[in-house]
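Below is one structure, written out as structure tokens; the observations come after it.
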Amino acid sequence: MKQKALLIASVLIGLLAALLTRSYLNAKDREVVRMKEAFEKKNHRIDVVAVKKPLPSGTVLAKTDIGALSVVEATVKGHVVKIDDYLLIINKKLIRALPEGAPIFWSDVEGGEPGSRGLAGDIKQGMRAISVNVSGSASVSGMVKPNDHVDVLGTFSFPSKTVKDEMELVTLTILQDVLVLATGKETAKSQFMGDSRAASAYNTVTLEVSPRETEMLVFAEQIKGRISLALRNPDDVYFEKTLPRVNFEMIQSEIESLNSFRQQKLLRKRTE
């Protein structure tokens, strides 16, 4: 009987030891998991925007200037530009020189972090923002978007140069290759961040222009001119040096030569 009691006690002690060992090991496992989580949190890596080559102060950033860099988040404390936000710094100017491979911080870019100063922070130094009234058709069926580049045309009623005391309609290109800052209330920032409140049909377009160009556009609207926008390819920087004032007589005299030019230069040539 005594031996049986000793056997039972031994079994119970063994089970208790096993339970205590398992509990200890589970506690150690939880401690390892906590340490691993703390390490990963401390050494969490993020993808940020970095420069591919040394860039001097004043450089206007292009896609070819920047790339992605994986860094430990703790090493780039502050407002670093994350890779998901790279479009927001394209065409922005650096305000200090950066060496090759350096991450870009919002403080390195003209205008600073999005939302810090609203639309005003997106305007380049020496430039101005002005809104012009445009209809849907005058803004390429409403397909002009923030960060697009456009030519600005105006149609006006001017005194005729050939018939005294008569008025005639004249169309001319006022400005070429103008950056669109906003369409209605939608900016590049709101578009990128998915702010659906800003995205809607619009009847105004905000352009980035010089102070002298601002005066021209204000005057054009004051004399009841009709403003139209011609959308450009983003990579097209061609500038037409001599553009005529177009009136009815000019259309009559030039229509044949314009179509010949299209056939010879702009469209695919037909084989003889």
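The values are calculated or read from the model by the stated rules, or taken from the named source; none is laboratory data. Computed from a predicted structure; not experimentally measured. For neighbour counting, all protein chains shown are included, and Cβ atoms are generated from backbone atoms with ideal geometry for every residue, glycine included.
Output the qualifying pairs, or none if there are none: Cβ atoms under 9 angstrom, residues six or more apart or on different chains, first residue in the range 160-172 and farther than 23 Å from Glu221 by Cα and in a loop (DSSP other than H, G, I, E, B), second residue at pLDDT 75 or above and among the acidic types (Asp, Glu). The qualifying pairs are Thr162/Glu168. In the range 150-170, which residue that is surrounded by 11 or more Cβ atoms within 10 Å (Cβ to Cβ) and hydrophobic (A, V, I, L, M, F, W, C) is farthest from Leu229 (Cα to Cα)? If we take residues in the range 150-170 being surrounded by 11 or more Cβ atoms within 10 Å (Cβ to Cβ) and hydrophobic (A, V, I, L, M, F, W, C), then Met167 is farthest from Leu229 (Cα to Cα). Could you tell me whether the range 11-21 includes any residue that is modelled with pLDDT of 70 or more and within 60 Å of the chain's Cα centre (by Cα)? Yes, the conditions are met somewhere in the range 11-21. Would you confirm whether or not the range 92-102 contains a residue that is touching a Gly at 6+ places or on another chain (Cβ under 9 Å), surrounded by fewer than 20 Cβ atoms within 10 Å (Cβ to Cβ) and in a helix (DSSP H, G or I)? Taking every residue of the range 92-102 in turn, none turns out to be touching a Gly at 6+ places or on another chain (Cβ under 9 Å), surrounded by fewer than 20 Cβ atoms within 10 Å (Cβ to Cβ) and in a helix (DSSP H, G or I).
Restricting to the range 64-91, count the residues that are of a type in the set (S, T, N, Q) and not in a helix (DSSP H, G or I). Residues meeting the conditions: 2. Is it true that some residue in the range 179-188 is free of Cβ contacts under 8 Å to residues at least 24 places away in the same chain, closer than 30 Å to Asp84 by Cα and buried (at least 16 other Cβ atoms within 10 Å of the Cβ)? Taking every residue of the range 179-188 in turn, at least one turns out to be free of Cβ contacts under 8 Å to residues at least 24 places away in the same chain, closer than 30 Å to Asp84 by Cα and buried (at least 16 other Cβ atoms within 10 Å of the Cβ).
Scanning the range 235-266 for residues that are under 31 Å from the mean Cα position of the chain (by Cα) and either modelled with pLDDT of 70 or more or at positive phi (or both) returns Asp235, Asp236, Val237, Tyr238, Phe239, Glu240, Lys241, Leu243. Which of the residues belonging to the range 136-147 are more than 10 Å from Tyr202 (Cβ to Cβ) and surrounded by fewer than 16 Cβ atoms within 10 Å (Cβ to Cβ)? Passing the criteria: Ser137, Ser141, Met143.
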